[in-house]
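*Asks:* Before I ask anything, let me first share the structure, which is written out below as structure tokens.
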Amino acid sequence: MRTDIFARLDREPEPPKIEPPRMSRHRIALFGGTLAFYLAIVIAVLVSSWLVTLDWKVMLFRPYQQWPEIHAFLDYYIVLGQRGPTATMVACWLGWRSWRQHTLRPLLTLGAALLLLNVTVGAVKIGLGRLGPHYATQIGSAELFAGGDIFPSGHTANAVVTWGILAYLATTPRARRYLSAMSAIVSLGVGLTTVYLGTHWLSDVLLGWAAGLLIMLGLPWAEPLITRAEAWIFAQRENLRGFGRPVPSVPIAAGGPRTVLVPQPDSGKAPAREPVVSAAAGGTGTRPRAHASHPAHVVRSERTPVTPVGSRRPPHADRTPRGGSTTPARPVAGG
């Protein structure tokens with residue numbers, strides 16, 4: 001018997017199943033408001049409105065020069081928004097939860113959220129092609145369609161999704177509230193850090209927050225697909241477990257068909273086995289039925305008779321053949 005910690009944990013009862021969040025009216029209203037805010041930022045940058053002017057003012061202020069003492073700390077803090085390290089850390093935790101709860105939903109939910117993040121944010125980045133503050137060419141310009149890839153901020157959107165998925169998968173309402181506050185603070189700090197370091201415009205960060213929040217609010221729409229994917233993966237696992245296993249032999253029930261040994265004509269060869277259906281099984285084969293009280297009775301094979309046609313009884317000198325004279329036979333005198 002295993003006595004290590006993994007064996008003890010595996011014997012613990014499973015935690016109660018928590019219903020995934022649904023697209024309630026409140027959630028749909030938040031999704032619609034966030035989408036309107038997202039589109040408003042995009043339009044404001046496209047038309048070079050006051051938001052672009054604010055971007056330039058913050059950039060020319062150069063926060064990293066105003067407060068250089070926190071530069072070293074923020075260089076490490078920005079890692080909380082990088083996709084590789086954060087996704088690895090969160091995936092390890094969710095993998096542990098998946099093993100303990102015997103479900104793949106936490107990992108599949110994280111995968112679905114990151115996939116949506118890459119598709120939506122990546123498409124807008126490539127489509128708008130905005131240059132960052134360090135590569136700006138003209139003061140007051142929005143720097144769009146110039147081959148850049150910083151609008152919206154990927155660090156900010158990734159921080160919202162990666163840390164927000166912990167709140168989304170929380171098992172209690174209290175844990176969900178605390179994790180939601182934590183993810184909001186972390187993502188807010190990551191976004192402001194990119195502005196401090198001069199790697200993103202302020203509007204990039206605003207759009208990154210909106211992009212990440214849209215994914216988290218719309219994630220319940222992906223729950224049916226996640227459920228089907230989990231069921232399919234478990235079905236494939238069962239198929240792999242059963243592959244290559246020997247098929248168990250099934251005993252023949254009483255009265256069922258049996259395989260009996262049928263003798264063959266004497267030809268110097270060993271007798272061969274031939275399946276014959278017994279009478280108790282109600283067989284319909286071409287061979288004669290065996291007696292009901294002997295279901296395993298050996299059935300003679302069909303072969304050419306070796307005796308002449310007619311009576312097999314040997315002739316007797318003192319007996320009159322049948323069909324002859326009706327005179328009774330006289331006794332033979334004894335000697």
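The values are calculated or read from the model by the stated rules, or taken from the named source; none is laboratory data. What you see is a predicted model, and the numbers here were worked out from it, not measured in a lab. All Cβ positions, glycine included, derive from the backbone under ideal geometry; neighbour counts span all protein chains shown. These area figures cover heavy atoms from the full protein model, side chains too; ligands, DNA and RNA do not enter into them. Shrake-Rupley method; radii C 1.70, N 1.55, O 1.52, S 1.80 Å.
*Asks:* Condition (residue is assigned to a helix (DSSP H, G or I), open to solvent by 30 Å² or more (accessible area, probe 1.4 Å) and in contact (Cβ under 8 Å) with a residue 24 or more places away in the chain) applied to the stretch 128-138: is it met by at least one residue? It would help to see each step written out before you state the result.
*Replies:* First, pick out the residues of the stretch 128-138 that are assigned to a helix (DSSP H, G or I): 128, 133-135.
Right, trim to open to solvent by 30 Å² or more (accessible area, probe 1.4 Å) and you get 134-135.
Retained after the next criterion (residues that are in contact (Cβ under 8 Å) with a residue 24 or more places away in the chain): 134.
Within the stretch 128-138, one or more residues are assigned to a helix (DSSP H, G or I), open to solvent by 30 Å² or more (accessible area, probe 1.4 Å) and in contact (Cβ under 8 Å) with a residue 24 or more places away in the chain.
*Asks:* Assuming THR171 fulfils every condition listed in (1) over 29 Å from LEU60 (Cα atoms); (2) assigned to a helix (DSSP H, G or I); (3) open to solvent by 50 Å² or more (accessible area, probe 1.4 Å); (4) not aromatic (Phe, Trp, Tyr) apart from one, which condition is it?
*Replies:* (2)
*Asks:* For the stretch 195-208, what are the residues that are outside any loop (DSSP other than H, G, I, E, B), out of contact with any Ser or Thr (no Cβ under 6 Å at 6 or more places or on another chain) and open to solvent by less than 10 Å² (accessible area, probe 1.4 Å)?
*Replies:* At the first step, the residues of the stretch 195-208 found to be outside any loop (DSSP other than H, G, I, E, B) are 195-197, 202-208.
From the residues that got through so far, the ones that are out of contact with any Ser or Thr (no Cβ under 6 Å at 6 or more places or on another chain) too are 195-197, 202-203, 206-207.
Those that are outside any loop (DSSP other than H, G, I, E, B), out of contact with any Ser or Thr (no Cβ under 6 Å at 6 or more places or on another chain) and open to solvent by less than 10 Å² (accessible area, probe 1.4 Å): SER203, LEU207.
*Asks:* Taking the options ILE233, ILE226, name whichever one is under 30 Å from ILE185 (Cα atoms), modelled with pLDDT of 80 or more and either within 13 Å of the chain's Cα centre (by Cα) or open to solvent by less than 70 Å² (accessible area, probe 1.4 Å) (or both).
*Replies:* ILE226
*Asks:* Every residue in the stretch 1-35 that is surrounded by fewer than 11 Cβ atoms within 10 Å (Cβ to Cβ) and either modelled with pLDDT of 80 or more or under 28 Å from ILE226 (Cα atoms) (or both), please.
*Replies:* PHE6, ARG11, GLU12, PRO13, GLU14, PRO16, LYS17, GLU19, ARG22, SER24, ARG25, HIS26
*Asks:* I would also like to ask the following. Being touching a Pro at 6+ places or on another chain (Cβ under 6 Å) and closer than 19 Å to GLY191 by Cα is true for just one of VAL52, VAL79, VAL58, VAL45. Which residue is that?
*Replies:* Answer to the selection: VAL79.
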